[in-house]
1. Could you calculate the FRET efficiency of Glu360 with Ile382 from 1/(1 + (r/R0)^6), where r is the beta carbon distance between them and R0 is 51 Å, rounded to 0.05?
2. Using 1/(1 + (r/R0)^6) with R0 = 25 angstrom and r between the beta carbons of Ala45 and Glu232, what's the FRET efficiency to the nearest 0.05?
3. Can you tell me the relative contact order of the chain? Whole percent, Cα pairs under 8 Å, sequence separation 6 or more.
4. Percent antiparallel among DSSP beta bridges with both residues in region 99-224, to the nearest 5?
5. Between their Cα atoms, which of Lys151/Lys364; Lys286/Lys331; Lys147/Lys180; Lys343/Lys368; Lys255/Lys343 are more than 20 Å away from each other?
6. Calculate what fraction, in whole %, of the accessible area of region 260-391 sits on carbon and sulfur atoms when a 1.4 Å probe is rolled over the protein chains.
7. When the chain is fully extended, how far beyond the present Cα-Cα distance does Tyr37 get from Tyr298, taking 0.36 nm per residue of separation?
8. Compute the projected area of the convex hull of the Cα atoms of region 190-349, averaged over all viewing directions, and report it in nm² to one decimal place.
Amino acid sequence: MTDETKQLSADTLAVRAGQVRSQEGEHSELIFTSSSYVFANAAEAAARFAGDSPGNIYSRFTNPTVRTFEQRLAALECGESCIATSSGMSAILSTFLGLLKAGDHIVSSRSIFGTTVNLLSNILPRYGITTTFVDLTDYEAWKNAIKPETKLLFLETPSNPLTEIADITKLAEIAHDDGKLLIVDNCFCTPVLQLPLKLGADIVIHSATKYLDGQGRCVGGAIVGSDSLLKEHIFPILRTGGVTMSPFNAWVFLKGLETLSIRMQAHCQNAQKIAEWLESQKFVEKVYYPGLESHPQYALAQQQQSGAGGIVSFEVKGGKEAAWNFIDSIKLLSITANLGDTKSTITHPRTTTHHRLTDEQAAKSGIKPGLIRLSVGLEAAIDLINDLDQAS
Ligand SMILES: *Cc1c(COP(=O)(O)O)cnc(C)c1O
């Protein structure tokens, strides 16, 4: 980024950053569907392969559309560098493969995306990388879990589905006091609501599948951080492992970034109305939403985030049966586990996203049988509330 673009505000960067016009003078960004690129002569080819001259080589690791998306997201997250990947999971996998080796150790929040738990608990241990899980907001537990072999701390905030909030600045201090890295999966907030790198995190991870696309069309991911971590450690995993984002998906995501800010504000407004309505209902036992004063980390959310987000969870009275009856009576919201879409979705975490947990683990993590998660979309709040009302 030039010094000039550094002074632009985020809304401008979301629309403009990273675009390079071709000789055709197109106004909207192009999709470059070319697997390889032509060199002027043998010497130029040699220089590109040797890394002595920048430019495109092969779309597994260099593609102009993917680069535009990467530069735009890096600008929004206030990071030096971004690597786009084929999915959120491949972003997480590539980060771990790039930064860790056999014998290394991770301290991770217990309340993270289920597939990430599977990666940490069942796959990485086969390669000698182990993880200790701690409660997201128990800072003493984070400190105590750090060992000499620990290389990084990993978390999501707000957590899924209970929207617990961790203090990123405090966790960055805990990590850095001991020379470890802090990695934040910023999927729920996006750079519009929260900037983990500014709060001290070393790397931000995204599932672009969620709000960055925002319309439920493409699967993709991204890693944002310093040049030194990304170019030296993680880029070789992309180049060799081939966890590449397709140019078409990159184009969808980069157009998604252009409307991210107004969409996130609308998601937050709708979610706030629905959370407040739910809190006043007799059939509801408890509501989990960082924008409610009843939320245990309400003050921290106000300070760390510029909005409370689009995910609202609540417990209905009557356990699993009541929750399933409620979901089956819904007419407008979609029964699907995806989130971050313009269309509102409704999920029963205990029997879907969190079905792998034993009853004991579920009880410990607060994933109760009566819990329902909403990803509040962009329909009119009144229509969503009427639908929830008729289902109760
Ligand atoms: C969906 C999700 C992922 C995984 O992303 P994919 O694009 O589905 O691979 C990772 N972290 C969080 C918080 C998610 O919601």
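1. After rounding to 0.05, the efficiency reads 0.80.
2. Plugging the Cβ-Cβ distance into 1/(1 + (r/R0)^6) gives 0.55.
3. 16 percent
4. Antiparallel bridges: around 20 percent, rounded to the nearest 5.
5. Lys151/Lys364; Lys286/Lys331; Lys343/Lys368
6. Carbon and sulfur together cover 51 percent of it.
7. So the extension gain works out to 88.8 nm.
8. Spelled out: convex hull of the Cα atoms, projected over all directions, averaged, 11.3 nm².
The values are calculated or read from the model by the stated rules, or taken from the named source; none is laboratory data. For clarity, every value in this text was computed on a predicted model and none was experimentally measured. So basically every Cβ, Gly included, is an ideal-geometry build from the backbone, and we count neighbours across all protein chains shown. Ligands, DNA and RNA are excluded from the accessible area calculation, which covers all protein heavy atoms including side chains. Shrake-Rupley method; radii C 1.70, N 1.55, O 1.52, S 1.80 Å.
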